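What follows is a set of notes on a single structure, which appears directly below.
The values are calculated or read from the model by the stated rules, or taken from the named source; none is laboratory data. Nothing here was measured: the structure is a model prediction, and the numbers come from that model. With ideal geometry, Cβ positions are generated from the backbone for all residues, glycine too; neighbour counts draw on all protein chains shown.
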């Protein structure tokens, strides 16, 4: 059982190794730039040459969200924010690595603000340097396929990091196996998402007919600015677009359109700042447990300085990066919550269709199937709905496996605690769990490309 307190620990190679199969520490990935990481070895670990046990590197959104805090204690780690065992922890299926990335997030820190990352490429390079160090700290990484799993902006970073890691592996600079890249509610194509907002919210009765046209005009400007490479300006326009949606919709929750902001929604719950919540936990008992965190470092759920440093790269699309992953032979899986607005499923379908699969020799195959779950369930965030019939849709396009999941908004790891399944042979694997709290949980890790 995973315990809240560690009774025994010792120092090894700059990392702290705990009696409960946990290891953590800092890596100076650049001069004056220190990344914090935390590794959990699964108590369920069973590995063989035929079916090696996987490792997941979790990448939080933002940019500026803490994977060590949010992804771990509010998402998929062994303990929740009350330090109670999480029955749906992903440790049931994989070893886990959480990292506070980009540098400056969570427990990670810089000695000089000038070394904060300002581009996705720099973040990817930093993550690759981290992995090089971790192959020395975590011996099992050499034989364990690594899956990069990212939510929201973390999904965009996962694509960028996947390319950097694949290149390092091909060059012989990094000795591990990249099992795949998983993109959850990922910020891959900002213009496709912006163009989807008005019609989506109109169709679910969160906007009036009169509000659609002005919102579409503003979204079209976002697209034009992105096409012209005016990414900072596009971000300002996109922010104004979201503000206008807020006004016209009476405050719809952009992570779950069934909800309004402030109604116990995902928007207000992801990074709470009240006493005795995630902030108190990370700056209290967890900081004391880890022992290596500098006294002057105060953990925050969102690092605003990191978000602002990445301002010029925020609106850059990453469709080409997904293409490059496929060209490297990397498995790519996509999943999305159907109630998400910021990274809407409509937008995901739009950018998936833009992948340049023909030039890489892939056969374009768009398959869709709709399946109605006839059980009546009570979702965690139902907006007052006591029974919901859930629709699921999945599709394949070349080497990409994608799925939209009903009854879910954005930031699914926080909202639904899904468990993932892995297999390394065959065309595709779909593993499903349905915890008591309702809602199908599904993630595909596929072997699409030989």
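Of the helices (runs of 4 or more DSSP H) that lie entirely inside region 116-222, those containing 1 or more residues that are closer than 19 Å to residue 55 by Cα and in contact (Cβ under 8 Å) with a residue 12 or more places away in the chain span 120-137, 153-170. Taken together, the residues in region 277-334 that are over 30 Å from residue 356 (Cα atoms) and outside any helix (DSSP H, G or I) amount to 15.
Within region 241-266, the residues that satisfy the criterion of being touching a helix residue (DSSP H, G or I) at 6+ places or on another chain (Cβ under 7 Å) and either exposed (fewer than 14 other Cβ atoms within 10 Å of the Cβ) or over 23 Å from residue 318 (Cα atoms) (or both) are 244, 245, 248, 249, 252, 253, 256, 257, 261, 262, 266. Quick one: is residue 335 closer than 21 Å to residue 253 by Cα and at pLDDT 65 or above? Taking the combined requirement at face value, the residue satisfies it. Exactly one residue out of 112, 120 is under 18 Å from the mean Cα position of the chain (by Cα) and either surrounded by fewer than 24 Cβ atoms within 10 Å (Cβ to Cβ) or farther than 25 Å from residue 288 by Cβ (or both): that is 120. On the given criteria, is residue 274 exposed (fewer than 15 other Cβ atoms within 10 Å of the Cβ), modelled with pLDDT under 90 and either touching a helix residue (DSSP H, G or I) at 6+ places or on another chain (Cβ under 8 Å) or over 21 Å from residue 210 (Cα atoms) (or both)? Against the criterion (exposed (fewer than 15 other Cβ atoms within 10 Å of the Cβ), modelled with pLDDT under 90 and either touching a helix residue (DSSP H, G or I) at 6+ places or on another chain (Cβ under 8 Å) or over 21 Å from residue 210 (Cα atoms) (or both)), residue 274 qualifies.
Scanning region 162-185 for residues that are in contact with a strand residue (DSSP E or B) (Cβ under 6 Å, 6 or more places away or on another chain) and within 30 Å of residue 341 (Cα to Cα) yields 162, 179, 180, 181, 182, 183, 184, 185.
Here is a list: 64, 69, 77. Which entry is without any contact (Cβ under 8 Å) to a residue 40 or more places away in the chain and surrounded by 19 or more Cβ atoms within 10 Å (Cβ to Cβ)?
On the way: 64 fails: without any contact (Cβ under 8 Å) to a residue 40 or more places away in the chain; 69 fails: without any contact (Cβ under 8 Å) to a residue 40 or more places away in the chain.
Of 64, 69, 77, the one residue that is without any contact (Cβ under 8 Å) to a residue 40 or more places away in the chain and surrounded by 19 or more Cβ atoms within 10 Å (Cβ to Cβ) is 77.
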